[in-house]
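Everything below concerns the one structure shown next.
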Amino acid sequence: MRNEMFKTAFDCKLTPLAASVALAVLMMAQAQAQTAAPAPAQAQLEVVTVTANKRVEKLESVPMAISVVNEATIARTNLRETEDLVAITPALSVTAGSTSANNTISMRGVGTATVTIGIEADVAIIIDDIPIAQQFQAFKDLADVSRVEILKGPQSTLFGKSAVAGAVNIITKPISGPMAGRGTTLVTSDGEWRYGLAYGGELSEKFGVRVSASSTRFPGNLTNLATNEKVNGSGGKTFLAKLAWHPTNELDISFSPSYNFQTNSKGANAINKLTVTGPDGAVPVGLAGANPVNPLYLIVANAATPVNAGSVNAIPASRALDGITPGPNNTLLRRDSPTGMNSSDRTAGLKIAYSLPSGATLMSITSYDHYLSDDFRDQDLVDFPTVALPGQVPYTVGNAQGGTYDIETKTQELRLVSADSGTLRYVAGLWYAKNTTARFFSRGDCRLPATCAGTSVTSPVVYNTDVYNVNKALFGQATWEFLPTYTLLVGARSNQETSGYHFGRNFYTTMTPATFVAGKPGVDYFESLDNQERKVTGKVSLSKQVTPDWMVYATVATGYKGLAYGLLSTLTPVSSLPVRSETSRTKEIGIKANLFQNRMTLNVTAYDTNFYNYQASSTFTNPGDPTIFSQISSVPRVGTRGLEIDSSALVTRDFTVNAALAYTDATVREWTGGACYNDSANQALAPSKTLAANGSLAGKNAACFPITAGSTTGVQNLAGAPLQSAPKRRVVIGGQYDLRLLDASFDLFFTGNYKYQSDMITIITQDPSYHVDAYSITDLGFGMRDKRDRYRLSFLVNNVFDKHYATTGFAGTPSYKGATSAPASTQVSTWVPARDAFKYFSVRLDVKF
């Protein structure tokens with residue numbers, strides 16, 4: 001009977017759902033006949049170690065707010081990309097841009113939306129002691145990862161600049177034990193697949209090796225009708241190697257080369273709301289824009305079929321929306337140009353460690369990284385030409401943008417780490433890093449014999465820019481147990497940075513990197529070279545071991561990141577000047593406990609952090625133009641305060657639960673000159689042509705007032721406003737129950753994951769069209785594993801209740817209007833659904849050999 005069931009499951013079409021049902025019945029049938037086997041009498045939680053202080057320590061002993069995502073959690077949640085960390089770590093959030101190159105990670109609600117190479121991130125990303133230069137480089141597959149340490153609050157003392165809000169420390173699997181391997185494969189009901197293979201161990205007492213390779217692909221959950229292809233997906237190929245040599249008992253040398261190729265089609269958005277206002281209110285449109293009110297037209301910069309709809313060139317919605325019914329959960333779109341990003345990343349790290357007679361270790365860590373990418377975006381949001389070439393009547397060219405990145409990073413660290421014994425422990429070091437980033441970018445279409453400018457149709461621009469920084473630092477941190485239950489931690493870092501840039505611009509989009517010629521200096525060419533700055537950051541912490549199980553601590557720390565440069569297409573003589581460096585100052589108190597003989601851990605943290613001269617960037621569009629523009633601001637002060645709780649518990653011998661809760665109040669604390677957003681409902685009051693009834697600027701939001709009397713430039717007071725992508729409440733709960741079978745060769749397990757996020761705004765200007773509703777997602781799974789841990793077969797239902805949501809995709813909304821009515825008579829919104837915005841099933845097989 002059992003063999004027949006296997007035959008039925010695998011002879012029919014092998015979908016994850018079919019396989020799940022068949023194997024579930026099989027396992028339950030056998031489980032019913034078994035007697036549950038007892039678990040080990042002294043079952044305890046796994047001891048978690050971290051390297052947050054650049055030395056290996058137990059998590060419970062480190063007076064710092066740290067969340068750890070271990071290998072078991074990575075497997076249970078099928079974590080693949082850096083973005084997936086957000087789903088299981090409440091302190092992290094992602095602000096997604098028009099392409100992945102504009103993505104950024106926030107910690108406790110604070111992060112810079114990095115839309116220019118001249119602004120560093122607020123959260124540092126470190127992979128095996130090697131930091132990345134530009135944060136968007138981190139948005140790739142996480143291959144062969146052992147654990148991820150989320151270090152909350154300023155970490156500049158040990159991890160340097162760009163850790164002004166925190167750091168994400170990623171540690172890959174080490175070389176250990178005899179030669180052994182592991183293979184992993186995963187398939188899902190919505191077309192995703194993953195393959196991974198790793199093999200390594202100690203070849204002898206002197207040599208060790210580990211190699212791993214993986215390939216992943218998720219086609220996407222949106223469909224481009226123009227090409228009949230899936231979009232909003234990603235995939236990658238990764239190769240990692242580690243070579244270890246122990247020539248003497250005191251000397252260890254390791255070399256770690258890696259390669260990653262990543263591709264994604266993220267950023268394309270689909271219309272999920274389009275209504276027309278008629279006599280009885282808003283009416284949702286039907287297939288291809290059909291509605292009983294009046295014909296709809298899509299407003300584009302240069303329409304293929306000019307139709308006068310309120311003196312604006314437009315094309316019939318029936319053409320732009322052919323085959324598409326706008327509405328909630330719509331996954332169809334039309335594009336004739338791709339949106340996304342391709343990248344390759346080559347990295348090498350060399351570590352040399354020498355054990356001194358005193359027990360201390362002297363280390364040298366050298367790294368080199370070269371990252372190349374190209375990004376691209378469809379600007380007109382349709383699948384037909386919208387631009388006419390000079391002297392031609394037919395429209396033959398689409399409106400797209402794209403560019404390339406070339407990033408090179410070199411680092412060198414010398415580190416001295418004391419022995420783990422004794423009442424005084426320390427780490428000290430010297431740091432050197434050089435980062436260079438080159439960017440070529442082209443948007444729109446304008447060519448000779450036309451006279452091209454930034455105000456021409458399609459807002460054309462071509463720019464070629466590079467930015468560099470050289471960072472030198474001296475750092476040290478000491479931990480002193482000055483009384484039997486009291487420990488003082490003191491650290492400091494002296495940081496010196498030299499940075500600068502070159503920027504050239506033109507408006508003839510036929511130029512390439514090889515033929516590019518910048519315009520007039522001071523108008524379309526700018527440079528700022530060898531700007532120097534020295535900053536000192538520090539950290540002081542006092543901890544008290546109240547009992548062997550309970551510790552309390554209090555910490556103050558400062559953070560820093562360097563000068564910023566607003567290298568955007570709209571660069572002017574004023575904005576070409578360096579933007580002041582950003583600093584942070586935090587106060588934190590916490591409790592850490594290891595209870596019930598290591599059957600429960602509890603970490604509670606309360607914090608309040610101020611950021612000064614916060615380097616913020618915001619995006620905006622002009623009415624009737626889908627082009628996305630950006631602007632850089634130095635906000636006097638923003639802040640975040642909140643409460644975090646992390647806990648793990650072995651509820652019974654076979655039932656483990658992990659929970660993380662975060663309350664985050666991240667707000668602008670001081671900014672009277674905030675950027676505004678467009679609001680067509682805020683109309684001018686006669687006889688004024690520029691001001692609305694309350695004195696605000698017409699066409700902008702009602703809180704936007706002229707910066708000076710008579711000015712058409714507006715600002716708003718954003719003090720008290722929430723920061724972008726900073727939900728106030730987040731909850732993540734996960735668990736696993738093991739059912740041990742006495743007489744079978746395998747055991748069963750059941751898993752569950754739940755996450756909740758409150759509503760948030762995804763842009764600092766507070767534009768309500770960028771509002772994201774609260775959502776909650778539940779995943780349920782089960783599986784079987786060999787008692788000798790040779791294999792593990794897992795089934796997971798993601799988003800069991802099929803709740804649809806998105807946290808990005810609202811920018812670049814296409815503009816529709818009726819043939820006889822004002823633009824305000826329509827309402828339109830778009831979305832880019834999250835990876836798990838729809839229910840899907842997955843099957844995963846892990847094998848050890």
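For the peptides 685-693, 81-89, 322-330, residues were scored by their other Cβ atoms within 10 Å and the scores averaged per peptide; the highest-first order is 81-89, 322-330, 685-693. Think of a 1.4 Å ball rolled over the protein heavy atoms: the range 339-403 then has 38 Å² of accessible area per residue. Placing unit charges on the Cβ atoms of the charged side chains and taking the dipole of the chain about its Cα centre, the candidate lying farthest along the positive direction among 781, 500, 538 is 538. Our analysis of the chain gives Rg over Rh at 0.98, with the two radii drawn from alpha carbon positions and Rh computed by the Kirkwood formula.
Rolling a 1.4 Å probe over the protein heavy atoms of the chain, with every protein chain left in place, gives an accessible area that is 59 percent carbon and sulfur.
Taking the chain as the reference, fit the longest principal axis to its C-alpha atoms, fit the long axis of helix 16-32 to the helix C-alpha atoms, and give the angle between the two in degrees, 0 to 90, nearest 10. Taking the Cα atoms of the chain, the angle to 16-32 is about 30 degrees.
Picking from 163, 398, 183, whose Cα lies most toward the positive end of the charge dipole for the chain (charges on Cβ: Lys, Arg +1; Asp, Glu -1)? Ranked along the dipole, the leading option is 163. Note on the chain: with charges restricted to the Cβ of Lys and Arg (+1) and Asp and Glu (-1), its dipole about the Cα centre is near 560 debye. The amide H of residue 49, built 1.01 Å from its N in the peptide plane, has 59 as neighbours under 5 Å, considering only residues 5 or more places off or on other chains. Compared with the alpha-carbon gap, the fully stretched path from residue 534 to residue 179 is longer by 123.0 nm at 0.36 nm per residue. Using a probe of 1.4 angstrom and keeping all protein chains present, the accessible surface of the range 442-508 works out to 40 square angstrom per residue. The packing ranking of peptides 441-452, 725-736, highest mean first, is 725-736, 441-452, where packing means the average number of other beta carbon atoms within 10 angstrom of each residue. Take every pair of alpha-carbon atoms less than 8 Å apart whose residues are at least six positions apart; their mean separation over the length of the range 498-589 yields a relative contact order of 25 percent. Helix 2-11 and the longest principal axis of the C-alpha atoms of the chain enclose an angle of approximately 30°.
Modelled spin labels at residue 645 and residue 711, positioned 7 Å past Cα toward Cβ, are 4.7 nm from each other.
Within the same chain, aspartates and glutamates fewer than 8 places from residue 587 are excluded, and of the rest, those with a Cα less than 15 Å from its Cα are 608, 644, 665. Taking a straight line from the alpha carbon of residue 242, these aspartates and glutamates sit under 12 Å away, with near neighbours fewer than eight places off in the same chain left out: 128, 144, 202. The mean sequence distance of close C-alpha pairs (under 8 Å, at least 6 residues apart), as a share of the length of the chain, puts its relative contact order at 12 percent.
For the pair the range 580-607 / the range 734-759, the C-alpha centres are spaced 28 Å from each other. Straight-line reach from residue 434: taking Cα to Cα under 16 Å and skipping same-chain neighbours fewer than 8 places apart, the lysines in range are 161, 410, 472, 561. Amide H contacts for residue 106 (H built 1.01 Å from N in the peptide plane; partners 5 or more residues away or on another chain; cut-off under 5 Å): 93, 94, 95.
The values are calculated or read from the model by the stated rules, or taken from the named source; none is laboratory data. These figures come from a predicted structure and were not determined experimentally. So basically every Cβ, Gly included, is an ideal-geometry build from the backbone, and we count neighbours across all protein chains shown. Only protein heavy atoms, including side chains, enter the accessible area calculation; ligands, DNA and RNA are left aside. Shrake-Rupley method; radii C 1.70, N 1.55, O 1.52, S 1.80 Å.
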